[in-house]
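Okay, so here's the structure we're looking at.
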There are 2 protein chains.
Amino acid sequence: MSESPAVALNHARKARDEVLGELRGFLSIPSVSSNPKGHDDIKRATEWLSERFRALGLTRVEVLPTAGHPAVYGETLSAGPSAPTVLMYGHYDVQSAAPLGDWDSDPYRPVVRGDNLYARGSADNKGQIMACVAAVQAVMRAGSLPVNVKFVIEGEEELGSPSFASLLEEHRDLLTGDFVLNPDAGMLGPETPTIYYGLRGMYVCKLRVYGPSRDLHSGSYGGVVHNPIHALSHMIAGLHDADGRVMLDGFYDRVRELTAEERAEMAALPRDEASYLEQSGVSKLWGEPGFTPVEREGARPAVDVIHILAGSPKSAIPAEANAIVTARLVPDQDPNEVHEGMMKYLKESIPSTVSWEVKSYEGFPASLTDRNTPGVRALSKAMVEVWGKEPLFCRSGGSIAAVGQLQKVLGLDSVLTGFALPDSQMHGPNEKLHLPTWERGIEALVRFLYYLAE
Amino acid sequence: MSESPAVALNHARKARDEVLGELRGFLSIPSVSSNPKGHDDIKRATEWLSERFRALGLTRVEVLPTAGHPAVYGETLSAGPSAPTVLMYGHYDVQSAAPLGDWDSDPYRPVVRGDNLYARGSADNKGQIMACVAAVQAVMRAGSLPVNVKFVIEGEEELGSPSFASLLEEHRDLLTGDFVLNPDAGMLGPETPTIYYGLRGMYVCKLRVYGPSRDLHSGSYGGVVHNPIHALSHMIAGLHDADGRVMLDGFYDRVRELTAEERAEMAALPRDEASYLEQSGVSKLWGEPGFTPVEREGARPAVDVIHILAGSPKSAIPAEANAIVTARLVPDQDPNEVHEGMMKYLKESIPSTVSWEVKSYEGFPASLTDRNTPGVRALSKAMVEVWGKEPLFCRSGGSIAAVGQLQKVLGLDSVLTGFALPDSQMHGPNEKLHLPTWERGIEALVRFLYYLAE
């Protein structure tokens, strides 16, 4: 081991409070990408990031406009054309924090309680972006970066990255590199450094079922007119059989079966039924028979209705009932084929006593990345140094549209990792970042930057 | 026919604009009984009514407190103890007007468009209260009332009259009379004067299904943890079989079967499938096989989920899913037995992968009233004079808790009628009162007051 990591690690430790303070500032900006009135907050977040990138000493910093929210780009190519170039991906947008009443403290006033920093975006994804910034800063303070670094931080990840593929196409030359570091995938536990090699894809379908032309008094029409809530419930109930298999026609046809080797590897992960039970708070797990929870999360597709809304406490048969149906997809499912199966199912399952409409749908496929690349090897080695053990390789149940888009448009594989723990409550109330793990993550990234150049 | 009705009818016609102006004032008070912050509006409505009763010349006007919203009482006993006493029932509370966006005009700024007065409460029930006031006023202006009149106008009808039975018990002596006139039941069409002799009862159950201990990222847990939306939908879907029969155990056991005579009478009503289709805006009716829509509405019980709410557009498996399940009951169903059937069904139909809780439930039985009473005969005769035809006798699908309570506590039968048309959008947006029908209603009530004394 050269001298350089030791010096840089020292810089990282000294800058801990400085970076944590900056992260608090970043987290106080409610950059909720789904908020139609959030334009000013999005702008503040891009300005904050641009300023931070300039302070870091990046030589080219730009806000890249898109059809939606802009991305923030920054680069330092001081290592020269013969050194590898790593593209660091992240997203400055966050999920809505509603309902606020479920939070123990204001989601946009970051607060440290015990070992955790609580705020919306602390784990997903601002804390991870700042881990990358902190690592690059420490290495630069120790001397010079041995690799070229480009940051591309988008603002629409929580919307499914609708503009990111176009951005990549438009800035194809700017965003070239050797591979992507994506710290948005998290890790399995504080003592379990993790590198992901698979992500599930996503399908989202917004459905509206129409009953009467207006809300009807349920006294005058109860038993006479079909309630769209009942029709919608019938549809949702039929999405799965009693055992938890998805009933959409052809849904499993293209699902790539797990090899015996993959199953053995998954069985060896420190994720057993008990850990899922503990982290979810349910008394019994559920899902497709014949597969373990780890397999169901990472390698089997799932359908979930994430939102239903109809009627009111008024005694009326409502004019409409709404639902958002989602699917998490695995290789080699095609979102368009899943949509065809959904449409066929809707046609068959929704009775003719009501009408219905798919208001919108969208999706992107799952992705698997190569586990034998210089990027993965460098991160793996860095993790061994920090945690004293080999990282686990596993497939995540989550979905990051950008990973597939980077693969498709730029031909870049992503090294998927992160320092958010499974109980970090991403998307939920009291989202938190485990600070000791985050600090180890920064140390791992410092080493990674050196090992990449070896 | 004595001279008196003619003079009183003339007074009623002359006072038309005056009464309509007063009704607009009454309607501008948003006395929504379900609004926890509506205390001031409730108070304004009781003050408005008290003032109006005093202006009418009632000799005793009181606001009667209850455990909930108060009732307003007013009486004139000038006809003396040998004359009949009619207790006029009404409710000054209204349903919420939300969502306001569905209204073409402000629900609390009454506006006349064409033949209709649009406002929340115009049909249900403030317009009907003012029809009674207008009729009593016209008769008093023509000379003296030939009968004693008591008004009891409650403030919790839209909540199921939770305090009304206690009020009746507490003021048993004050509220004695010969029968009740209840103009909250409406009529079948502008040319179809209607007297109802039956109302359905009501059962309401608020249910919460619990999944994980907090909202879970649907990527990490989709296919691993049972989504409470799916469990709730399964429960709702199973409430009916494919034909529309209610599947609760014992639900139909106590339902009083229709006689051949009743079925023939119902078949003769001007309410065919086409009229239900037109008024509801659906393309196809729905409900228990073997019964006509009129029978299903008036004489068969029904189960409707009126509200479902769970999750959000965020990609999460929600921690809970909520529903309000209601039933409209018919003689001789017992709300407590229906609740037992519901509990048994919930236990059987909600899978053990989630938990659940009934947050609250309440109910009251259906009621049938005697069709051969002096009150019904007087109203019937009055309607013949105004509309030139016999009124229709029918059973309403709606539920008025007060009718059963008045029967049970005071032994008083209700004459059920009203001048709200089926398309008046009670409980919905753009509620309206058909003014030509309302004016004929006032004329019918004027005559009714005279014929009662014959």
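Among the residues of the range A:14-28, how many are part of a helix (DSSP H, G or I) and touching a residue at least 24 places away in the same chain (Cβ under 8 Å)? Walk me through it before giving the result.
So the first thing to find is which residues in the range A:14-28 are part of a helix (DSSP H, G or I), and the list is A:14, A:16-27.
From what's left, touching a residue at least 24 places away in the same chain (Cβ under 8 Å): A:16, A:19-20, A:22-24, A:26-27.
Selection size over the range A:14-28: 8.
Can you find even one residue in the range A:327-344 that is part of a strand (DSSP E or B), touching a Lys or Arg at 6+ places or on another chain (Cβ under 8 Å) and more than 7 Å from chain B (Cβ to nearest Cβ)? Yes, that holds for at least one residue. Taking the criterion of being in a loop (DSSP other than H, G, I, E, B) and under 15 Å from residue B:419 (Cβ atoms), the residues of the range B:366-397 that qualify are B:391, B:396. When the range B:300-316 is filtered for residues that are over 14 Å from residue A:218 (Cα atoms) and either more than 7 Å from every other protein chain (Cβ to nearest Cβ) or part of a loop (DSSP other than H, G, I, E, B) (or both), the ones remaining, listed by number, are B:312, B:313, B:314, B:315. Taking residues in the range B:286-297 that are at negative phi, and partners anywhere that are among the polar types (S, T, N, Q), the pairs with Cβ atoms closer than 7 Å and at least 6 places apart or on different chains are B:286/A:353; B:297/A:220.
Results for (1) modelled with pLDDT under 95; (2) under 23 Å from residue A:313 (Cα atoms); (3) crowded, with 23+ Cβ neighbours inside 10 Å; (4) in contact with a helix residue (DSSP H, G or I) (Cβ under 8 Å, 6 or more places away or on another chain), shown as yes or no for each residue.
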residue	(1), (2), (3), (4)
B:355	no, yes, no, no
B:376	no, no, no, no
B:380	no, no, no, no
B:387	no, no, no, yes
B:399	yes, yes, yes, yes
B:407	yes, no, no, no
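Give the residues of the range A:401-416 that are in contact with a Gly (Cβ under 9 Å, 6 or more places away or on another chain) and either part of a loop (DSSP other than H, G, I, E, B) or free of Cβ contacts under 8 Å to residues at least 24 places away in the same chain (or both), sorted by residue number. Give the derivation first.
Initially, the range A:401-416 is screened for residues in contact with a Gly (Cβ under 9 Å, 6 or more places away or on another chain), giving A:401, A:404, A:410, A:412-416.
Across the range A:401-416, the qualifying residues are A:412, A:413.
State whether the residues of the range B:424-447 include one that is modelled with pLDDT under 95 and charged (D, E, K, R). Steps first, please.
Pass one, the range B:424-447, residues modelled with pLDDT under 95: B:424-429.
Applying the additional criterion that residues be charged (D, E, K, R) yields none.
No, the range B:424-447 contains no residue that is modelled with pLDDT under 95 and charged (D, E, K, R).
Residue by residue through the range A:81-104, note down the ones that are outside any strand (DSSP E or B), in contact (Cβ under 8 Å) with a residue 40 or more places away in the chain and either closer than 21 Å to residue B:214 by Cβ or in contact with a Ser or Thr (Cβ under 9 Å, 6 or more places away or on another chain) (or both). I'd like the intermediate steps shown before the answer.
In the first step, residues of the range A:81-104 are kept if they are outside any strand (DSSP E or B); the result is A:81-84, A:92-93, A:95-104.
Still in the running and in contact (Cβ under 8 Å) with a residue 40 or more places away in the chain: A:83-84, A:92-93, A:95-97, A:99, A:102-104.
Passing the criteria: A:92, A:93, A:95, A:96, A:97, A:99, A:102, A:103, A:104.
State yes or no: is residue A:288 outside any helix (DSSP H, G or I), within 12 Å of another protein chain (Cβ to nearest Cβ), surrounded by 13 or more Cβ atoms within 10 Å (Cβ to Cβ) and touching a helix residue (DSSP H, G or I) at 6+ places or on another chain (Cβ under 7 Å)?
Details: outside any helix (DSSP H, G or I): yes; within 12 Å of another protein chain (Cβ to nearest Cβ): yes; surrounded by 13 or more Cβ atoms within 10 Å (Cβ to Cβ): yes; touching a helix residue (DSSP H, G or I) at 6+ places or on another chain (Cβ under 7 Å): yes.
So residue A:288 fits the description; yes.
Among the residues making up the range B:418-453, those that are more than 14 Å from chain A (Cβ to nearest Cβ) and touching a strand residue (DSSP E or B) at 6+ places or on another chain (Cβ under 7 Å) are B:433, B:434, B:435, B:452.
Scan the range B:373-387 and tell me whether some residue there is aromatic (Phe, Trp, Tyr), in contact with a Gly (Cβ under 6 Å, 6 or more places away or on another chain) and within 27 Å of residue B:194 (Cα to Cα). Show your work before the answer.
Initially, the range B:373-387 is screened for residues aromatic (Phe, Trp, Tyr), giving B:387.
Keeping just the survivors that are in contact with a Gly (Cβ under 6 Å, 6 or more places away or on another chain) gives none.
No, the range B:373-387 contains no residue that is aromatic (Phe, Trp, Tyr), in contact with a Gly (Cβ under 6 Å, 6 or more places away or on another chain) and within 27 Å of residue B:194 (Cα to Cα).
Scanning the range A:116-147 for residues that are of a type in the set (S, T, N, Q), closer than 30 Å to residue A:454 by Cα and in contact with a Pro (Cβ under 7 Å, 6 or more places away or on another chain) yields a single hit, A:128.
From the residues in the range A:234-285 that are more than 23 Å from residue B:236 (Cβ to Cβ) and of a type in the set (S, T, N, Q), which one is farthest from the other protein chains (Cβ to nearest Cβ)? Checking each candidate, the answer is A:259. The residue that is nearest to residue A:389 (Cα to Cα), among those in the range A:164-176 that are buried (at least 22 other Cβ atoms within 10 Å of the Cβ) and in contact with a Ser or Thr (Cβ under 8 Å, 6 or more places away or on another chain), is A:164. Being in a strand (DSSP E or B) and either surrounded by fewer than 23 Cβ atoms within 10 Å (Cβ to Cβ) or of a type outside the set (D, E, K, R) (or both), is that true of even one residue in the range B:141-148? Looking through the range B:141-148, at least one residue is in a strand (DSSP E or B) and either surrounded by fewer than 23 Cβ atoms within 10 Å (Cβ to Cβ) or of a type outside the set (D, E, K, R) (or both). Of the residues examined, residue B:58 is one that is hydrophobic (A, V, I, L, M, F, W, C), assigned to a loop (DSSP other than H, G, I, E, B) and in the same structural domain as residue B:90 (by TED's automatic domain parsing).
For residue B:420, the conditions (1) part of a loop (DSSP other than H, G, I, E, B); (2) touching an Asp or Glu at 6+ places or on another chain (Cβ under 7 Å); (3) not assigned by TED's automatic domain parsing to the domain that holds residue B:158 are fulfilled apart from (3). Every test in (1) under 30 Å from residue B:237 (Cα atoms); (2) assigned to a strand (DSSP E or B); (3) not acidic (Asp, Glu) is passed by residue A:352 save one, and that test is (2).
Which is closer than 30 Å to residue B:288 by Cα, in contact with a Ser or Thr (Cβ under 9 Å, 6 or more places away or on another chain), within 14 Å of chain B (Cβ to nearest Cβ) and in contact (Cβ under 8 Å) with a residue 60 or more places away in the chain, of A:201, A:186, A:219?
Details: A:201 fails: closer than 30 Å to residue B:288 by Cα; A:186 fails: closer than 30 Å to residue B:288 by Cα.
That would be A:219, the only listed residue that is closer than 30 Å to residue B:288 by Cα, in contact with a Ser or Thr (Cβ under 9 Å, 6 or more places away or on another chain), within 14 Å of chain B (Cβ to nearest Cβ) and in contact (Cβ under 8 Å) with a residue 60 or more places away in the chain.
The values are calculated or read from the model by the stated rules, or taken from the named source; none is laboratory data. These numbers were taken from a predicted model, which means no experiment stands behind them. Here Cβ is always computed from backbone atoms with ideal geometry, including for glycine, and neighbour counts include all displayed protein chains.
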